[in-house]
Amino acid sequence: MNQTRRQRHWIAFSTLVTREIRRFFRIWPQTILPPAITMTLYFIIFGNLIGSRIGEMGGFSYMEYIVPGIIMMAVINNAYSNVASSFFSAKFQNHIEELIVAPIPNYLILAGYVAGGTARGLCVGVIVTLVSLFFTHLPIEHIAITISMVILSAILFALGGFINAIYARSFDEISLVPTFILTPLTYLGGVFYSISLLPEFWQNVSLLNPILYMVNAFRFGMLGVSDIPVVAAFSIILLFIVLLTSFALYLLNKGTGLRN
Amino acid sequence: MKALSINNLSKTYGNGFKALEQISLDVEQGDFFALLGPNGAGKSTTIGVVTSLITKTSGTVNVFDTDLDENAELAKSYIGLVPQEFNFNGFEQVKHILITQAGYYGMPASDAEPRANELLKQLGLWEKRHTPSRALSGGMKRRLMIARALVHKPKLLILDEPTAGVDIELRRSMWTFLRRINKEGTTIILTTHYLEEAENLCRNIAIIDKGEIVENTDMKSLLNRLDKETFVLDLKYPLLQTIELYGLDYHHVDDTTIEVELSRGDSLNSIFELLSKHGVEVVSMKNKVNRLEELFLNLVETTEQAS
Ligand SMILES: Nc1ncnc2c1ncn2[C@@H]1O[C@H](COP(=O)(O)OP(=O)(O)O)[C@@H](O)[C@H]1O
Ligand SMILES: [Mg+2]
């Protein structure tokens, strides 16, 4: 074992990421299949059945308009719940002790889990994208914006899932945030409509919702239309990533929920 | 060199309970060391602090001269831990658990694979290598914990009650295995509440009770000391001169009280004979049980109950 510290760290990190990816593939009927089915239903019901009556939105068919938002919704939900359930169950089964005892710095533990959650988010995102191609044609106007926005959003929500799992003391507590915060914010985050349809007051309220920025920036990458300036979206998401990373590291270093 | 050096270590839990009070302990490289104590003595707390699972309140821990506070990564890399409770990912396969563990310690896959196979064979888990860990029997889980602790070739192996709840046959085979890897150079620290286990395996021993080290010595002297019994004799008249009790150890507590030490099983008649020869009259006698003996008696009882 004469590798340098950097090599050892790299091996530890990639081991952790491999373990995380192996985990969600092993339980694919719980992790990959359900979002694929749900999102397909969204395409059929909202896009096809109802969408044909709605007509255009933002200059696109309703189906085209909602596809980016639905992909984004799948990505952030899955990134979040992957880390939340994996990290919580590591605490619950105590195998988190393997990582605490091992010579791995905390930032790598965090990075490993976040990378695993991001991988699941993107994996589901790709599947939903492929499904959407059965229903509509997908132009991609700005490939770099599309890809960087989806990756950054996945990272941000993976971080959120990590913090949730640190505080959680039961499995119920890791579904609380997705049910009562994430889902409502996503639905109100412009997945299904342009906020220009709302009265001015609600437009302004919507601007407080961070998910609105991600959905719109992602839609801008694909379709070239957005309710908000894309630069604002990147700034906000980067700011949140920095904040949540610092907070997660602070909690890890303190050993909150992990060490006596 | 010292494999482990603990200095004035204290731990107060969040609820205010003082689990360790200023304990100090040294374990030499190559030693086979027992930390013996009844349930609740503070053994797991000590191990927890040494392995970073528990945050200490004060004191220092050095592993092979590396301070855990100053260079945790290096100190951690020396240690392999077999915890008291199973802590596997129950859904992961046996072999994946070992390879993943090796990876955490920075071992490249090309080394981890043969190392995992070697340990799986040595510990009789080869047939089960593709089984999820939760489907193993209790004894197999114990062995898997040992394999996992050894996969990165630690210099110091720490086992927290490795044979609790293990049947006699498996216990013996674990002892043989541990003796062998100790002979091959791994320093071993083991906690137990079976005196028999410590006696069988270990060269040096510390006894811990209520968060304090009550004894820290080599196994032989401990057994010699435990082999002695002390009696307190109250005398009718003050004994002012020194008398010859033919090799029996005695000392004065005060003028009319002496303490005599006897090997366990020796006849008491001889003392009385000698004393009456010197004209010393004994009014009463009681058996003095010190804390160590008391502990020892408890430990022997639990051992007997368990087997
Ligand atoms: N998390 C905790 N909070 C409060 N007290 C604890 C905690 N963990 C252990 N203790 C107490 O500390 C004492 C020592 O425990 P432990 O180190 O597990 O003993 P041993 O391993 O020797 O059986 C016990 O009295 C136990 O109840
Ligand atoms: Mg214990």
- Task: May I ask you to give the average projected area over all directions of the convex hull of the Cα atoms of segment B:2-223, in nm² rounded to one decimal?
- Result: 11.9
- Counting partner chain Cβ atoms within 10 Å of every residue's Cβ in B:48-60, what's the average? 3
- Query: So how tilted is helix A:5-26 from the main axis of chain A? Cα-based, degrees 0 to 90, rounded to 10.
  - Reply: 60
- Item | Residues of type aspartates and glutamates that residue B:220 reaches as a straight line, Cα spacing below 19 Å, ignoring anything fewer than 8 places off in the same chain | B:26, B:28, B:31, B:196, B:197, B:199, B:229, B:261, B:293, B:294
- Note on the structure: If every Lys and Arg gets +1 and every Asp and Glu gets -1 at its Cβ, then about the Cα centre the protein assembly as shown yields a dipole, in debye to the nearest 20, of 2180
- Taking springs between alpha-carbon atoms closer than 10 angstrom, which of A:39, A:72, A:57 fluctuates most in the Gaussian network model of chain A? A:57
- Item | Magnitude of the charge dipole, segment A:5-254, Cβ model with Lys/Arg +1 and Asp/Glu -1, debye to 20 | 900
- Query: Assuming a viscosity of 0.692 mPa s and a temperature of 37 °C, what translational diffusion coefficient in µm² per second does Stokes-Einstein assign to the protein assembly as shown, Rh being the Kirkwood radius over Cα pairs?
  - Reply: 118
- Query: Which residue, A:59, A:116, A:189, tops the fluctuation ranking in a GNM of chain A built on C-alpha contacts under 10 Å?
  - Reply: A:59
- Highest average packing first - B:202-208, B:263-269, B:110-116, Cβ atoms within 10 Å: B:202-208, B:110-116, B:263-269
- Hey, what angle do you get for helix A:210-223 against the long axis of chain A, alpha-carbon based, 0 to 90 degrees rounded to 10? 60
- Task: Over all alpha-carbon pairs of segment B:227-289, lay out the pair-distance distribution in 5 Å bins, whole %, shortest bin first.
- Result: 4, 17, 34, 29, 13, 3, 0
- Message: Out of the chymotrypsin sites (Phe, Trp or Tyr not before Pro) in segment B:1-85, which ones are loop residues according to DSSP with at most 16 other C-beta atoms within 10 Å?
- Response: B:13, B:17
- Query: Which GluC sites (Glu not before Pro) from segment B:134-214 combine a DSSP loop assignment with at most 13 other Cβ atoms within 10 Å?
  - Reply: B:184
- Task: Please report, in cubic angstrom per residue, the volume enclosed by the convex hull of the alpha-carbon atoms of segment B:16-127.
- Result: 156
- Message: Can you give the longest run of chain A that contains no chymotrypsin sites (Phe, Trp or Tyr not before Pro) sitting in a DSSP loop with at most 15 other Cβ atoms inside 10 Å?
- Response: A:1-133
- Toward the positive end of the charge dipole of the protein assembly as shown, about the Cα centre and with charges on Cβ (Lys, Arg +1; Asp, Glu -1), which of A:18, A:147, B:3 goes farthest? A:147
- Note on the structure: Magnitude of the Cβ-charge dipole (Lys and Arg +1, Asp and Glu -1) of chain B about the Cα centre, nearest 20 debye, reported as 1540
- Query: For chain A, what is the calculated [θ] at 222 nm in deg cm²/dmol (nearest 500), taking -39500 (n - 2.57) for each run of four or more DSSP H residues and dividing by its residue count?
  - Reply: -23000 deg cm²/dmol
- Query: With respect to the cross-link table entries B:11/B:43; B:18/B:288; A:254/B:2; B:76/B:210, which display a Cα-Cα separation exceeding 21 Å?
  - Reply: B:18/B:288; A:254/B:2; B:76/B:210
- Note on the structure: Across A:6-14, the residue-averaged tally of Cβ atoms belonging to other chains within 10 Å stands at 4
- Item | Cα coordinate range in segment A:91-173, projected on the principal axes (Å, largest first) | 50, 28, 17
- Task: Working from Cα positions, state the angle (0 to 90°, nearest 10) between the long axis of helix B:109-122 and the longest principal axis of chain B.
- Result: 50
- Query: Can you tell which of B:56, B:11, B:121 shows the greatest fluctuation in a Gaussian network model of chain B with Cα springs below 10 Å?
  - Reply: B:121
- Note on the structure: For chain A, inverting the pair-averaged 1/r of distinct alpha-carbon atoms gives a Kirkwood value in Å of 19.1
- Calculate the mean, over all residues of peptide A:97-110, of how many other protein chain Cβ atoms lie within 10 angstrom of the residue's Cβ. 6
- Task: State the dimensionless ratio Rg/Rh of segment A:183-260 (Rg: radius of gyration of Cα atoms; Rh: Kirkwood radius).
- Result: 1.14
- Query: If you rank B:283, B:214 by fewest surrounding Cβ atoms within 10 Å, what's the result?
  - Reply: B:283, B:214
- Task: Specify which residue in the list B:181, B:79, A:39 is farthest towards the positive end of the charge dipole of the protein assembly as shown, using unit charges on the beta carbon of Lys, Arg (+1) and Asp, Glu (-1), about the Cα centre.
- Result: A:39
- Item | Distance from segment B:111-172 to segment A:3-80 (C-alpha centre basis), Å | 39
- Mean residue ellipticity (222 nm) of chain B, computed from DSSP H runs ≥ 4 via -39,500 (n - 2.57), nearest 500: -10500 deg cm²/dmol
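Read-outs throughout are calculated quantities, based only on the coordinates presented, and are distinct from any laboratory measurement. Keep in mind that what you see is a predicted model, and the values were worked out from it rather than measured. Note that we place each Cβ from the backbone using ideal geometry, even for glycine, and neighbour counts take in every protein chain shown.
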